[in-house]
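**Q** Here you go, one structure.
The values are calculated or read from the model by the stated rules, or taken from the named source; none is laboratory data. Keep in mind that this is a model prediction, so the values were computed, not measured. Methodologically, a virtual Cβ is constructed for each residue, glycine included, from the backbone with ideal geometry; neighbour enumeration extends over all protein chains shown. Accessible surface areas use protein heavy atoms only, side chains included; no ligands, DNA or RNA. Shrake-Rupley method; radii C 1.70, N 1.55, O 1.52, S 1.80 Å.
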Amino acid sequence: MEPDSSYAVQMHGITKRFGNYTALSQVDLNVRKQSVHAILGENGAGKTTLMNILYGLYQADEGTIYLNGTPHSITGPNEAISNGIGMVHQHFMLVENFTVTENIMLGDEVCGPAGTLDMRMARKQVLDLVEQYGFEVDPDARIEDISVGMQQRVEILKALFRGAQTLILDEPTAVLTPQEIDKLLQIMDDLVASGKTIIIITHKLKEILRSADECTIIRRGEYMGTVDVSQSSEEDLAAKMVGRNVNLKVEKTPATPGEVVLDVNGLVVRDDRGIEQVCGLDLKVRAGEIVGIAGIDGNGQEELVNAIVSMTKAEAGTVVVGEEIQNTSPRNAIAHGVSTIPSDRHRWGLVLPMMVSENSVLEQHDKSSFGKGIMLDYNKMHEYTSMLIKEFDIRPSGCEDERIAGLSGGNQQKVIIAREVTQAPKLLIAFQPTRGLDVGAIEFVHKTLISERDRGAAILLVSYELDEVMDVSDTIAVIYHGKIVGTFEQGTVGEEELGLYMAGGGAK
Amino acid sequence: MSGLVKFLRRPIASTLVAVLVGLLIAILLVLVTGYDPLQTVATLVHGVFGSPKYITNVIIKATPILLTGVAVSFAFRTGLFNIGAEGQYILGTIVATIVGVSVNLPAVLQIPLVVLSGALGGALLGALIGFLKARLGIHEVITSIMTNWIMLYLCNFVVSSEAFHNPNSNTAYPINPSGYTMILPQWKVSDEGIEYLLQHPWLRDVLLKTDLNVGFLVAVFVAIVVGILLKRTKLGYQLRAVGLNKDAARFSGIAVERSVVLCMLISGGICGLAGALNITGINPHTLSTLVAQEGYGFNGLSVAFIAGCSTVGCIPSSLFFSALMYGGMTVQQVVGVPSEIINIMIGIIVFFTAIPSMAPWIADAIERRRSRENKNLAQETKGEEA
Ligand SMILES: Nc1ncnc2c1ncn2[C@@H]1O[C@H](COP(=O)(O)OP(=O)(O)O)[C@@H](O)[C@H]1O
Ligand SMILES: [Mg+2]
């Protein structure tokens with residue numbers, strides 16, 4: 001395609017190598033002015049790398065960038081910013097204990113004549129921006145006190161404050177609740193209406209269909225084409241992204257529940273600020289069934305899971321798995337057959353600088369199968385890990401002695417799932433098990449949960465993705481303000497009604 | 001050429017680059033202050049390798065900082081910053097002296113007793129710091145700095161106390177000779193020994209003119225054992241997991257608080273051992289009044305960081321450090337270059353080893369330059385073809 005001034009950004013034949021590894025090879029991107037252009041690809045496909053090149057963080061080895069039809073070499077972020085390109089990174093880059101205003105003007109400070117900061121002026125400019133785009137952001141709040149969705153809006157404001165015309169959003173929805181996602185998509189519409197151009201990176205198909213005009217697909221660093229979103233479907237996009245047909249429907253047989261494995265009674269849990277987050281919650285999970293907890297982030301899910309595995313104190317109530325296990329220790333919970341896929345794998349699930357094999361035995365390293373006496377047997381660990389890698393198709397194969405930090409998110413999650421499932425748990429808690437994963441990996445996680453159920457394990461699925469809870473669970477329990485406010489068999493309840501319960505509006 | 005790039009990407013390259021930069025800057029300083037750099041370097045080398053006595057002294061002086069270096073590395077690898085090595089070292093000397101003066105057993109019992117009680121002293125102090133962190137959340141750096149001073153004054157208190165003060169001196173009583181750990185202490189002063197040594201001047205230098213003792217062997221042994229502990233044992237695995245991600249460690253059933261206390265206990269014990277070995281191995285075999293921290297613990301920090309916190313790496317690192325300090329003294333005496341320049345140099349080396357990305361960065365620069373050259377070359381050939 002020839003350079004054309006009706007395109008805000010054109011990247012032609014972009015190739016980028018890291019050492020011997022080719023992250024991008026001959027990738028094209030053509031973004032029309034005043035449109036939302038999605039970039040779709042699995043984890044590790046090279047989406048972020050492509051955008052980092054546009055933002056000047058990396059230099060392409062080959063290829064040309066055109067802005068408004070004229071070639072530009074972008075040698076650094078400052079150059080990108082002065083050409084009207086702004087980027088909101090996957091991981092926010094905000095100063096936690098600064099206020100919103102201070103963060104927004106950081107790097108482009110508003111100064112008085114003597115070179116001192118003019119906070120009044122800055123605050124006013126921020127307020128103007130907030131009003132202009134209808135953001136609900138308090139300019140005086142500290143970043144550490146505001147929600148993730150709000151922090152993201154601060155990042156967007158920061159880019160707008162510097163005069164961004166083209167806004168790059170890297171996986172903006174990965175960290176948001178469904179409500180916040182709705183708000184973000186609304187904001188994107190408004191921005192386009194006011195003349196901006198948006199490039200959004202994602203691997204969530206629904207969002208693309210809802211928000212984007214066009215979509216460029218990258219698979220393992222290769223350009224797979226650009227599609228007109230209105231002419232496309234979820235299945236279509238998914239197949240292009242992973243290179244094979246993906247089953248987006250979760251297939252399973254009806255559950256045959258057995259005896260109660262997890263019995264939570266009158267559980268009360270406070271968070272570290274002393275606020276009651278779980279307020280007398282009752283819940284039962286039977287062998288051979290999947291109970292899904294639906295609810296908006298922050299309604300006590302985290303405290304519930306943490307109390308079950310004794311990571312936090314239960315103020316009152318009991319957690320019974322065979323016997324009462326509340327307020328003992330995580331070790332004791334594991335000993336009672338409780339396995340957990342934690343919500344934040346980097347924080348709770350993995351020791352990132354350690355090898356894959358070391359991470360595979362995190363809970364079991366002191367068992368006699370992994371060493372004699374005080375010594376750890378690295379050969380046995382290696383063998384065991386090879387088995388997991390093979391059985392769960394963890395990639396790259398042969399990564400036993402590599403740092404787990406080098407694996408893609410989906411494969412890191414596979415290591416956790418492999419390690420938890422291989423212990424044949426009585427109760428498997430899956431907390432946001434598909435967070436940040438792409439369709440292929442999501443399909444795998446769901447299949448594994450169902451096969452564990454069919455083996456006879458009790459599964460507690462806690463997820464902020466309503467679709468996931470509705471698709472996978474046999475029983476759906478809605479949590480609101482630390483209590484279960486409704487329980488439904490799968491298929492007996494619609495999204496609307498569940499949404500109502502999740503917002504606290506359901507009939508008691 | 002690409003061998004160079006590969007080498008620069010290895011961790012040890014960063015250390016070597018830092019050492020090189022440190023040496024260069026030190027030489028520059030020597031030049032600026034008006035001394036002859038060639039003579040300085042030559043004197044330094046002579047001061048380290050010039051005689052068996054010098055070499056031996058370098059080894060002797062490396063012993064305590066090798067141990068404190070191992071202690072600091074060990075703690076650092078498990079997520080703790082043991083800046084209290086100094087205090088734990090001092091407590092080791094105090095306990096070793098008290099026990100060594102008060103008890104008098106045959107050497108086979110006395111030596112282990114004195115050495116191990118010193119180590120135990122350091123271990124308990126370390127454990128206290130660990131406990132305060134694990135239970136009350138007080139940062140180990142704060143408690144460490146405070147205990148360093150408490151130990152310094154405790155030492156002075158013991159030196160001046162009635163029970164231990166050696167009259168007309170600023171030291172305590174020396175420990176009973178059955179606790180000495182020099183090599184062949186009796187034989188080398190016996191008639192037979194002197195006779196033999198007279199015919200072997202090299203050995204005479206080493207044995208009679210220095211306090212050659214078993215400390216360094218013990219320290220090397222400890223460095224290796226601690227390395228194995230960290231890398232190959234279940235305990236080391238747990239400690240590392242806690243150090244690298246204590247949330248995930250806790251979630252997977254590892255007792256994090258116990259681990260913090262245990263780690264500081266071991267680290268402190270190694271520092272205490274360093275103190276005890278200095279009492280048993282080196283004249284005057286007792287405590288002296290301290291006006292300031294002697295720096296055995298703090299130098300351990302430098303040794304550890306130059307070694308990239310590898311316990312076995314602390315062996316060359318401590319020898320290097322000790323050689324600079326000891327050779328630096330000769331440089332000051334002979335050439336007149338202030339030994340502070342040596343300190344500056346060590347500071348610079350530590351500073352640059354703290355930038356682990358330096359060598360990879362150089363490797364990147366080389367590669368970039370090369371790929372640019374290749375590109376130009378490709379373009380030239382293209383141009384010729386056209
Ligand atoms: N600075 C880097 N050095 C080496 N490899 C990198 C670097 N940045 C990204 N990569 C690799 O390039 C590939 C694409 O990464 P990325 O663009 O982050 O993927 P995506 O954003 O599509 O998930 C990955 O395999 C990643 O490991
Ligand atoms: Mg990315």
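**Q** Can you list residues whose amide H is under 5 Å from B:T233's amide H, if they're 5+ apart or on another chain and H is modeled 1.01 Å from N?
**A** A:L376
**Q** Considering only protein heavy atoms, what per residue accessible area in square angstrom results for the stretch A:432-508 with a 1.4 angstrom probe? Write down the numbers at each step before the final one.
**A** Numbers: 3070 Å² over 77 residues.
Counting only protein heavy atoms, the per-residue value for the stretch A:432-508 is 40 Å².
**Q** Can you compute the helix-only [θ] at 222 nm over chain A? Use -39500 (n - 2.57) per DSSP H run of at least 4 residues, normalise by all residues, nearest 500 deg cm²/dmol. Mind dumping the intermediate values first?
**A** Values: 16 runs with 160 residues, N = 508.
Mean residue ellipticity at 222 nm (helix-derived): -9000 deg cm²/dmol.
**Q** Keeping all protein chains in place, calculate the accessible area per residue for the stretch A:352-420 (probe 1.4 angstrom), answer in Å².
**A** Working: 3020 Å² over 69 residues.
Roughly 44 Å² per residue, with all protein chains present.
**Q** Please work out the C-alpha center-to-center distance from the stretch A:273-300 to the stretch A:1-22 and express it in whole Å.
**A** 47 Å
**Q** Calculate one ³J(HN,Hα) per residue across the stretch A:252-266 by plugging θ = phi - 60° into the Karplus curve 6.51 cos²θ - 1.76 cosθ + 1.60, and present them in order as whole Hz with x for glycine and proline.
**A** Values per residue, Gly and Pro as x: 7, 8, x, 6, 10, x, x, 6, 5, 9, 10, 10, 9, 10, x Hz.
**Q** Then there is this: So what are the ³J(HN,Hα) numbers for the stretch A:163-170, from phi and the Karplus equation (6.51, -1.76, 1.60; θ = phi - 60°), rounded to whole Hz, Gly and Pro as x?
**A** x, 5, 9, 10, 10, 9, 10, 8
**Q** Sticking with this one: Where does each of A:446-455, A:141-150 land if you order them by average Cβ count within 10 Å, highest first?
**A** Numbers: A:446-455: 18.9, A:141-150: 15.1.
Packing order, densest peptide first, comes out as A:446-455, A:141-150.
**Q** Once you keep just the Cα pairs under 8 angstrom separated by 6 or more residues, what percentage relative contact order results for the stretch A:352-420?
**A** Values: 76 pairs, mean separation 29.1, N = 69.
With pairs under 8 Å counted, the relative contact order is 42 percent.
**Q** Moving on. Tell me the Kirkwood hydrodynamic radius of the protein assembly as shown in angstroms, computed as one over the mean inverse distance between distinct C-alpha pairs. Numbers along the way, then the final one.
**A** Numbers: mean 1/r = 0.0313 Å⁻¹.
Kirkwood radius, the protein assembly as shown: 31.9 Å.
**Q** Among A:275-285, A:409-419, how do they line up by average Cβ neighbours within 10 Å per residue, starting with the highest?
**A** Details: A:275-285: 18.9, A:409-419: 23.0.
Per-residue Cβ counts within 10 Å, averaged per peptide and sorted highest first, yield A:409-419, A:275-285.
**Q** Let me ask something additional. Given Cα pairs under 8 Å that are at least 6 residues apart, what percent is the relative contact order of chain B?
**A** 36 percent
**Q** What list of ³J(HN,Hα) couplings, whole Hz, do you get for the stretch B:78-87 from phi and the Karplus terms 6.51, -1.76, 1.60, once you set θ to phi - 60° and write x for glycine and proline?
**A** Coupling constants for the stretch B:78-87: 9, x, 10, 10, 8, 7, x, 3, 4, x Hz.
**Q** Other chains' Cβ within 10 Å of A:332-341 residues: what's the mean? Write out the running numbers ahead of the final one.
**A** Numbers: counts 1, 2, 3, 1, 0, 0, 0, 0, 2, 0.
Mean number of neighbouring Cβ atoms from other chains: 1.
**Q** For chain B, what class follows from the C-alpha gyration tensor (a ≥ b ≥ c being the square roots of its eigenvalues): rounded when a/c is under 1.5, otherwise prolate if a/b is larger than b/c, else oblate? Could you put the intermediate results ahead of the total?
**A** On the way: a/c = 2.19, a/b = 1.36, b/c = 1.61.
Judged from the Cα gyration tensor, chain B comes out oblate (a/c at least 1.5, b/c at or above a/b).
**Q** On to the next question. Search the structure for amide H atoms under 5 Å from the amide H of A:G486, placed 1.01 Å from N in the peptide plane, and list their residues when 5 or more places away or on another chain.
**A** A:V478
**Q** So, one more: Give the relative contact order (percent, whole number) for the stretch A:7-242; include only Cα pairs under 8 Å separated by 6+ residues.
**A** Working: 446 pairs, mean separation 67.6, N = 236.
Relative contact order of the stretch A:7-242: 29 percent.
**Q** Next up: Taking only DSSP H segments of four or more residues, each worth -39500 (n - 2.57), what value at 222 nm results for chain B once the sum is divided by all its residues, to the nearest 500 deg cm²/dmol?
**A** On the way: 17 runs with 289 residues, N = 386.
Helices in chain B give a 222 nm mean residue ellipticity of -25000 deg cm²/dmol.
**Q** In addition: Would the stretch B:53-116 count as rounded, prolate or oblate if I go by the C-alpha gyration tensor, calling it rounded below 1.5 in a/c and otherwise prolate when a/b exceeds b/c, oblate otherwise?
**A** Numbers: a/c = 2.49, a/b = 1.40, b/c = 1.78.
Taking the square roots of the gyration eigenvalues as a ≥ b ≥ c, the stretch B:53-116 is oblate.
**Q** Give the average over all directions of the projected area of the C-alpha convex hull of chain A, one decimal, in nm². Intermediate values should be presented prior to the final figure.
**A** Numbers: hull surface 106.2 nm².
In nm², the orientation-averaged hull projection of chain A is 26.5.
**Q** Peptide B:237-250: average number of partner chain Cβ atoms within 10 Å per residue? Intermediate results must be reported in sequence, preceding the final value.
**A** Numbers: counts 12, 4, 0, 4, 7, 1, 2, 6, 11, 1, 8, 13, 4, 6.
If you average over the peptide's residues, the count of other-chain Cβ atoms is 6.
**Q** With just the Cα atoms defining each centre, how far is the stretch A:418-439 from the stretch A:64-94? Give it in Å.
**A** Computed from Cα coordinates, the inter-centre distance equals 39 Å.
**Q** Let me ask another. Counting only residues 5 or more places away or on other chains, whose amide H sits under 5 Å from the amide H of A:T197 once H atoms are built in the peptide plane?
**A** Sorted by chain and number, the residues that satisfy this are A:Q34, A:T166, A:L167.
**Q** Still on this structure, please answer the following. Taking each residue in A:375-381, count the Cβ atoms of any other chain within 10 Å of its Cβ, then average. What number comes out? Working shown, then result.
**A** On the way: counts 7, 8, 2, 3, 0, 0, 1.
Across A:375-381, the average partner-chain Cβ count within 10 Å equals 3.
**Q** Alpha carbon centre of the stretch B:273-337 versus the stretch B:244-264: separation in Å?
**A** Cα centres, the stretch B:273-337 to the stretch B:244-264: 32 Å.
**Q** Another question, then. Provide the packing ranking of A:433-443, B:104-114, i.e. peptides ordered by the mean count of other C-beta atoms within 10 Å per residue, highest first. Write out the running numbers ahead of the final one.
**A** Values: A:433-443: 21.8, B:104-114: 15.5.
Packing order, densest peptide first, comes out as A:433-443, B:104-114.
**Q** Over both sides of the B-A contact, add up the buried accessible area with a 1.4 Å probe and give it to the nearest 100 Å². Please report the intermediate quantities before stating the final value.
**A** Numbers: alone 19570 and 22810 Å², together 40080 Å².
Counting both chains, the buried surface is close to 2300 Å².
**Q** With all protein chains present, how much of the accessible area of the protein assembly as shown (probe radius 1.4 Å) comes from carbon and sulfur, to the nearest whole percent?
**A** On the way: 22770 of 40080 Å².
Percent of accessible area from carbon and sulfur atoms in the protein assembly as shown: 57.
**Q** According to the square roots a ≥ b ≥ c of the eigenvalues of the Cα gyration tensor, what is the shape class of the stretch A:296-391, taking rounded for a/c under 1.5, prolate for a/b larger than b/c otherwise, and oblate for the remainder?
**A** Prolate, since a/c reaches 1.5 and a/b exceeds b/c.
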